[in-house]
Amino acid sequence: MKHSVTLDKERCRGCTTCVKHCPTEAIRVRRGRAHIIEERCIDCGECIRVCPNKMKKAVCDPLDRLQEFPFTVALPDPSLYGQFRNTDDVNLILAGLLGMGFDMVSEVAEGAEYISLATRTLLAENHELPRPLISSGCPAVVRLICMRFPKLMPNLLPLIAPFEAAAIKARKDAVARSGLKPEEIGVFFISPCAAKATATRYPMSLEERVVDGVLSMTDVYKELLSTMKKAPDPAPQLCKSGPMGVGWARAGGEMAALPGVRCMAVDGIENIIRILEDLEDGMLPDMDFLELDACNQGCVGGVLTAENPYVSRAKIRHLTKTMPEKRNKALSPDTFAVQLELVHAPSWKLDDDIVEALRKAARIEELRKQLPGLDCGSCGAPSCRALAEDIVLGIGKENDCIFRLREKMQIIAGSDKADDYLPPPFRRGEKREKGASGENE
Amino acid sequence: MSESLHLSYTVDGSDFTGAGRASAAMKRILREIGVDMDTIRRCSICMYEGEINMVIHANGGTADVYIDENGVKIVLCDEGPGIEDVERAMQEGFSTAEQGVRDLGFGAGMGLPNMKRYSDEMAIETEVGRGTTVTMTVHFPKGGGDEP
């Protein structure tokens, strides 16, 4: 599997912060460096968010890639509109993008409107699709479902993502405007997160790439601060999207575009995992649509954004309340149908043979009971249970546990005081050494 | 070559939000073993309903899970008040839960009926004043795990 989250190996200090926060337990520290277990990574970006040394990065393209194409189109994610405290004018932001050297701007918010309208049609007319339909807008969620909730894969909305809808339209428009060939057009998506960056490079639902490059929203933001100042005043009328599409930038925005539908919006990857568990067990109330955003507050909370997610969520709400309604014409959902079937990528299976899997599971339980249960992370795994799994799967050893190692050292050294070998939080005091003396009771 | 796995959980009776922990832990292990999704779901529901029952009526108890290549056996054991009339307790909508519990959305009288519905076999041993043991079995479909 291909990813956009990478690690600056030189600068990683081997702390276990990312290991602990990874929602899919995909990171281990080995030889003083964090390593990502590729099959388990969903590109949610939590590790980038929490890294105290800012070692983890989302791989994006440098801005000078624009030079490779005779004609370039910027595809700003709607979350970009929430990054600027001092302006409510989307036209000004888009003019700033032209000032950066793009020849054309095509809004992902416009693509989002098409997808919202097509979703309405599907919900109203297609009764064969299972309920609830789950939004396919967040690629981290789609990956999570493919990996861990295969039973829910049929519930994923069978429509392409807004940036894909926008990219396809943008290339057509650019060809018409420039007279160039489609391959001479450089379509650049301005991404708020690692998951979308990956999705542009390795499409999950389209046969081929529709975007030529991905730019980090933070990189673009820095440029825009100066180009927006130089933009004509008033800025030309460039914005073609309305509140429906722009709202997608925040949690609840996609849901707001589906009036009269029983739906629920959940943001934050851990919250989503809990909801999907319940949905899988049939424990959620009846619903027609679930909007799931891996980042807290929605796309405005992406790791590549510049503004505080709460501030930009408020900004997006304000924009959607004050922007004029510019309803795009609804197109048939077939226009935006997915081209590829999603593939189940299991990563939580111990063995293909159930008898062997049971044997491994029993061994994991046995090891787990022997480990101290402190989940300290010193072994490089997120928890004692994860270490037990690693041992059975052959990627960890019992002596990776510093407590187990200390016990061995203690035996070798012949000391009868275990506490001599333990840091203060973990010393066991009288209870262990004096045993039955009853001092504790 | 019968390989079996025994899992053991304590269900804390003092806390509603604690119900579901055993079910979640069991689910994770069933998934790792590669049990098909439908069987996992049935086991989860049986366990979850059982946990809720033990919290509401019996101030908690223990949950033991035995897994082998044929299926899953869940044994829920409590030292609660026991069930006076098992036949009535099995009726949908019958509940002895207090109003406070019902206000929280529990005690709808669907616990035992659901456990019966989603398990292949269920047995209840109960004695008033002593406690209740519910044993449920869920068989794996023939042919082992599925590949969705």
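Since every read-out is calculated from the coordinates, none of them should be taken as a lab result. This is a predicted model, so every value here is computed, not measured. A quick note on method: Cβ atoms are made from the backbone with ideal geometry, for glycine too, and the neighbour counts reach across all protein chains shown.
What to note about this one:
- Counting only strands (runs of 3 or more DSSP E) that sit completely within region A:1-109, those holding 3 or more residues that are closer than 22 Å to A:TYR202 by Cβ and touching a residue at least 60 places away in the same chain (Cβ under 8 Å) correspond to A:71-76.
- Residues that are closer than 15 Å to A:VAL105 by Cβ and not in a helix (DSSP H, G or I) within region A:163-183 are absent altogether.
- Residue check, B:ILE83 in a loop (DSSP other than H, G, I, E, B) and aliphatic (A, V, I, L, M): yes
- Residue in region A:291-311 that is in contact with a helix residue (DSSP H, G or I) (Cβ under 9 Å, 6 or more places away or on another chain), crowded, with 22+ Cβ neighbours inside 10 Å, touching a residue at least 60 places away in the same chain (Cβ under 8 Å) and within 14 Å of chain B (Cβ to nearest Cβ) present: no
- Criterion (in a strand (DSSP E or B), among the small types (Gly, Ala, Ser) and out of contact with any Cys (no Cβ under 8 Å at 6 or more places or on another chain)) met by exactly one of A:GLY137, A:GLY186: A:GLY186
- Qualifying residue in region A:199-213 (condition: under 15 Å from the mean Cα position of the chain (by Cα), under 20 Å from A:GLU291 (Cα atoms) and in a helix (DSSP H, G or I)): yes
- Selected residue (only one of A:ALA109, A:ALA118 is of a type outside the set (Asp, Glu) and closer than 19 Å to A:ARG250 by Cβ): A:ALA109
- When residues of region B:1-42 are limited to those that are part of a helix (DSSP H, G or I) and charged (D, E, K, R), the one farthest from the other protein chains (Cβ to nearest Cβ): B:ARG21
- Flag if B:LYS142 is in a loop (DSSP other than H, G, I, E, B), of a type in the set (D, E, K, R) and either within 14 Å of chain A (Cβ to nearest Cβ) or surrounded by fewer than 22 Cβ atoms within 10 Å (Cβ to Cβ) (or both): yes
- Among the residues of region A:269-297, those identified as part of a loop (DSSP other than H, G, I, E, B) and acidic (Asp, Glu) are A:ASP281, A:ASP286, A:ASP288.
- When each of B:ILE45, B:ILE67, B:ILE124, B:ILE52 is tested for being in contact with a strand residue (DSSP E or B) (Cβ under 9 Å, 6 or more places away or on another chain), under 23 Å from B:LEU7 (Cα atoms) and within 14 Å of chain A (Cβ to nearest Cβ), the lone residue that passes is B:ILE67.
- Any hit, region B:70-84, residues being touching a residue at least 12 places away in the same chain (Cβ under 8 Å), within 14 Å of chain A (Cβ to nearest Cβ) and surrounded by fewer than 17 Cβ atoms within 10 Å (Cβ to Cβ): yes
- Taking the numbered list (1) away from chain B (no Cβ under 14 Å); (2) crowded, with 18+ Cβ neighbours inside 10 Å; (3) without any contact (Cβ under 8 Å) to a residue 40 or more places away in the chain; (4) more than 20 Å from the chain's Cα centre (by Cα) in turn, A:GLY260 passes all entries but (2).
- Among the residues of region B:55-64, those that are under 12 Å from B:VAL134 (Cβ atoms), surrounded by fewer than 22 Cβ atoms within 10 Å (Cβ to Cβ) and away from chain A (no Cβ under 13 Å) comprise B:ALA58, B:THR62.
- Qualifying residue in region A:334-355 (condition: within 16 Å of A:GLY268 (Cβ to Cβ) and either away from chain B (no Cβ under 14 Å) or within 25 Å of the chain's Cα centre (by Cα) (or both)): no
- Selection count, region A:369-397, where residues are assigned to a helix (DSSP H, G or I) and within 22 Å of A:CYS18 (Cα to Cα): 9
- Test: residue in region A:196-208 that is within 24 Å of A:THR320 (Cα to Cα) and touching a residue at least 60 places away in the same chain (Cβ under 8 Å): yes
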